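No lab work stands behind these numbers, since they all come straight from the coordinates. Keep in mind it's a predicted model, so treat the numbers as computed, not measured. Counting neighbours? That spans all protein chains shown, and the Cβs are built from the backbone with ideal geometry, glycine included.
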Amino acid sequence: MPCLNENCNRYHLVSYEELETFQEDNNYIDLLLCDECKSRKDTLHILQCINCKTILDFLPALEDEIPQVIYVEKCMNCGGSIDDEIKIISNLHKHLFV
C-alpha cells in the first residue's frame, strides 16, 4: 500500500491482521505509513487533514513536547486550498507557526 504521507512515494507491505486492526480503529496511523515515516512520528508532530486523513507534513517538536497529531480541516487533496492547510483546528496548537 502507498504511504499516506503526501511527500513520500514509498510503498509498504500490510498484513491481514493490520487491516483488521485498522477496521476497528480508523485512527491507527501506523498502518498507513511506510517504515521511514512511521519512525519520524515518534520525534516529530504529524500535520494531518481531518477530512481525508492525508499526512501533509511533519513538524519539529520541542525537547519537552510529546509528538502528536495536529489536524487541519481540509487539504488540497480533498478540495481545500493552501489557506485551509495552514489553519490548525485545535486551540492547543496556536503557538505553532505552520
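Taking 4.7 Å between beta carbons as the limit, the unpaired Cys residues of the chain are 37.
Result for the chain in a Gaussian network model with C-alpha springs under 10 Å: among 20, 73, 85, the largest mean-square fluctuation is at 20.
Each other residue within a Cβ distance under 10 Å of residue 37 adds +1 if Lys or Arg and -1 if Asp or Glu, for a net charge of +1. For the chain, the equivalent ellipsoid derived from the Cα gyration tensor has semi-axes of 23, 16, 13 Å, listed largest first. With neighbours defined as other Cβ atoms within 10 Å of a residue's Cβ, the residues 17, 36 order from fewest to most as 17, 36.
Couplings 3J(HN,Hα) for the stretch 4-20, derived from phi with the Karplus relation 6.51 cos²θ - 1.76 cosθ + 1.60 (θ = phi - 60°), are 6, 6, 5, 9, 10, 10, 8, 10, 9, 7, 10, 8, 4, 5, 5, 5, 5 Hz, where x marks Gly and Pro. Only helical runs count toward this figure. For the chain, summing -39,500 (n - 2.57) over DSSP H runs of n ≥ 4 and dividing by all residues gives -4500 deg cm²/dmol at 222 nm.
Here residue 87 is the anchor, and the lysines within straight C-alpha reach of less than 23 Å, apart from those fewer than 8 places off in the same chain, are 41, 53, 74.
Once the Cα-Cα distance is subtracted from the 0.36 nm per residue extended length, the residue 84 to residue 23 segment shows a gain of 19.2 nm.
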